[in-house]
Each structure stands twice: as structure tokens, then as C-alpha cells.
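Here is the structure we will look at, set down as C-alpha cells.
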Amino acid sequence: MKYLKIPMERVGALIGRKGEAKKDFEEKTGIKLDIDSKTGEVTIDDHDIEDPLAVIKMENMVKAIGRGFSPENAMRLLKDNADFFVFDLHDYVGKKESHLRRLRSRVIGREGKTKHVLEELTDSKISVYGHTVGVISDVVRMNVLKKSIDMLLTGSKHASVYKFVESQMKELRREEKMGF
């Protein structure tokens, strides 16, 4: 058994309308979820599961929903090459709300532009929720995305971050063409 806790306001997203999301997760992984809607505690029943990777995928999907992702975006974690990472903004500026708000704004950008550009360039999903920034991406693009978000959180100019991501993605595409 694995035990996780997600924020109360995210329990509804994990369960889904009429239990659809929970049912989808259980069908796709073969793992049963027990969700306590009063406390936000989630039990992952990994008893008799032959694929340990399925347990890790389920755990990451539950965590992703807890960090603000939709069930549809969390389902991307079922792919074998998918990865999930969470930045804790407290690691960058402490607990002062005005500083947290500034960092969230840097990642989101004016009218969501920065978040959208990073998602488009890297074919990834980003969620800014509370004091965290969550990322779902494939393992190859994850390092580029992690570095770019770290650059934003440490004060790099947005234009510099966009140039970095574009050059890294161009390099990745070149390597993919050459078969590396």
C-alpha cells in the first residue's frame, strides 16, 4: 500500500464527474485507488500488482492532480517515456506571499504567454499551483524544461529563456534526425 495526501480542493478532480477519472486511472493501470474525500488521503493498493512501473505511474498521476493538473494531462504519465517534476517555490524565495506571487507570475507570464510558449516549444504541460510549479514532459525534453523554469525562477529575462529553449529544442530535433 502507498499513501498520499492531496489538497482537499483537488479531490474532486481526482475522482472526476461521477467517478470517471478515478475509474479511468484504475482501468488503465489495474490498480485500485481509495480516496478519502474528507481528508484528501489517497491509498494506492499495490498488492498483487506485477508491474512496479504501473504503481509509480499511478503515484505520479495522483501527485500531478494534487499539483493542479487535469486528469487528462495527468494521463500523459502513463506513457513509458513520461516524467513528472515539481518545483517548490519556497526553495527560491522562502514563504513570503508577495515573493511567491512574483515567481508564479514570472512562470505564467502576461496573459499566460510564458507558460503557453514553454508548453508549445517543448510539447509539455505546466501547472502553477499554490507554492509549486509542476511539469509533465517526456524524459528527453524534461531537462530543457527544468533548466528554463529554473532560469525564470532565478531572475533570467524571459527573452533569454525563450532563446535558450528554442536553441535546445532545435538541437534535440537535429539529434533525433541523425538518430542519436
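Just so it is clear, none of the values below were taken in a lab; they were calculated from the coordinates. As the structure is a computational prediction, the values presented were derived from the model and not from experiment. No Cβ is skipped: glycine too gets one built from the backbone with ideal geometry, and neighbour counts run over all protein chains shown.
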Checklist line | When each of 38/63; 115/147; 146/177; 2/38; 79/170 is checked by Cα-Cα distance, pairs over 20 Å | finding: 146/177; 79/170
Notebook entry, point to check: For the chain, modelled as a Gaussian network with Cα springs under 10 Å, which listed residue fluctuates most, 69, 164, 25?
Noted result: 164
Next item on the list: Once you have the Cα-Cα distance between residue 101 and residue 154, take 0.36 nm times their residue separation minus that, and quote the gain in nm to one decimal.
Entry: 17.7 nm
Next item on the list: Subtract the Cα-Cα distance of residue 86 and residue 36 from 0.36 nm times their separation in residues, and report this length gain in nm to one decimal.
Entry: 15.6 nm
Notebook entry, point to check: What percent do you get for the relative contact order of the chain when only Cα pairs under 8 Å and 6+ apart count?
Noted result: 17
Note to self: Counting just the Cα atoms, what span does the range 2-78 cover along each of its three principal axes? Round to the nearest Å and put the largest first.
What the structure shows: 32, 23, 21
Next item on the list: Set the Förster radius R0 to 41 Å, insert the Cβ-Cβ distance between residue 146 and residue 23 as r into 1/(1 + (r/R0)^6), and round the FRET efficiency to 0.05.
Entry: 0.80
Margin query: What are the membrane-span-like helices in the chain by this rule: whole DSSP H runs, Cα extent along the axis at least 15 Å, mean Kyte-Doolittle hydropathy at least -0.5?
Written below: 52-66, 139-153
Checklist line | Where trypsin sites (Lys or Arg not before Pro) in DSSP loops with at most 10 other Cβ within 10 Å are excluded, longest remaining stretch of the chain | finding: 97-156
Next item on the list: Starting from the amide H of residue 32, placed 1.01 Å from N in the peptide plane, find each other amide H under 5 Å away whose residue is 5 or more places distant or on another chain.
Entry: 45
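Rg(Cα) of the range 45-166 divided by 2.2 N^0.38 Å?
1.10
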